[in-house]
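Q: One structure, pasted below without further comment.
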Amino acid sequence: MKTWNTKSCTIYQLLEGRSNSFLINSQNNYILIDTGRANSWKKLSSKLDEILGKNKLSGLILTHAHFDHVENTAKIKEKYKSRIIVHQSELEYIMQGNSPLPKGSNLATGFMVNVLGKKLQSKYQYEKVNPDIIVGEKYDLIDFGFNAYIIHTPGHSKGSMSIIIDNEIAVVGDAMFGVFGNSIYPPFADDPETMIKSWNKLINTNCDLFLPGHGKEISQKLLESQYEKYK
């Protein structure tokens with residue numbers, strides 16, 4: 001299991017591959033970020049139980065409401081009694097268990113969404129959940145026991161969020177992808193121009209490392225070079 005350490009936190013990568021899921025620990029306070037697909041539940045819950053022991057999973061942050069990040073949300077809330085944290089722009093999707101597929105950001109993905117989107121939409125519904133905490137532009141996690149905060153980083157979706165941990169590491173959902181070598185540009189984005197502005201917002205946090213929802217970690221240097229290319 002891959003881990004990262006900041007001044008006050010340890011970050012565990014519980015799921016990798018199709019969709020990443022991260023667990024943050026600070027002095028036995030725990031928050032989960034994203035839940036992956038439904039077929040990863042056994043792996044996710046097993047790793048959570050192993051790390052948590054008798055400690056409580058106090059919260060689940062959803063970086064956005066797309067199916068591949070949220071399909072185990074209802075199970076997390078039922079088993080761990082965790083508070084669910086979501087951006088106000090994604091609230092209706094979580095409550096209805098269905099989020100619109102994002103627009104393609106290149107010719108291939110644009111064609112896929114335009115041609116197959118309506119057919120695929122019904123396959124990507126998930127169990128609806130009533131969130132507990134609704135986020136706007138910023139939300140401090142100090143009450144959860146963390147030197148961390150959430151910021152609104154829209155573009156991939158209108159309610160995408162990132163979690164800034166000790167101003168060292170950011171967990172960024174699909175604001176950027178770590179699967180294409182020297183390119184972090186997501187294959188799907190509802191508003192690419194706004195997404196690039198969110199990159200600049202993330203650069204300004206002074207974090208050294210960015211953990212995306214798909215793929216490997218992204219360095220500050222790579223993010224800055226990609227921002228200069230696309231801004």
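Q: For the chain, what is the charge dipole size about the Cα centre, in debye to the nearest 20, if Lys and Arg each add +1 at the Cβ and Asp and Glu each add -1 at the Cβ? If you can, show how the numbers build up before the last one.
A: Numbers: 27 positive and 24 negative charges, 126 e Å.
The dipole magnitude comes to about 600 debye.
Q: Let me ask you something else. Of (i) 7, 27, 32, 24, 9, 2, 0; (ii) 8, 36, 39, 16, 2; (iii) 9, 38, 40, 12, 1, 0, which is the value of P(r) over Cα pairs in 10 Å bins from 0, in percent derived from the coordinates here?
A: Read-out taken from this structure: (ii).
Q: Let me ask something additional. Name the residue, out of M176, M95, M195, whose mean-square fluctuation peaks in a Gaussian network model built on the chain with Cα pairs under 10 Å.
A: M95
Q: Further question on the same structure: By how many nm would the segment from Y230 to Q88 grow when fully extended, if each residue of separation counts as 0.36 nm and the alpha-carbon distance is taken off? Can you show the working numbers first?
A: On the way: separation 142, 0.36 × 142 = 51.12 nm, distance 2.78 nm.
Once the chain is fully extended between Y230 and Q88, it gains 48.3 nm.
Q: Say R0 is 25 Å: what FRET efficiency, to the nearest 0.05, do N200 and I142 get from their beta-carbon distance? It would help to have the intermediate numbers written out before the result.
A: Details: r = 25 Å, r/R0 = 1.02.
That pair, N200 with I142, gives E of 0.50.
Q: Taking a 31 Å limit on the Cα-Cα distance, which of the listed pairs K103/K201; K75/K221; K138/K221; K47/K216; K75/K216; K123/K229 fall beyond it?
A: Values: K103/K201 22 Å; K75/K221 38 Å; K138/K221 25 Å; K47/K216 20 Å; K75/K216 26 Å; K123/K229 36 Å.
From K103/K201; K75/K221; K138/K221; K47/K216; K75/K216; K123/K229, over 31 Å: K75/K221; K123/K229.
None of the figures in this text is laboratory data; all of them are computed from the coordinates on show. Please read all numbers here as calculations on a predicted model, not as lab measurements. Glycine also receives a Cβ, built like all others from the backbone with ideal geometry; neighbour counts cover every protein chain displayed.
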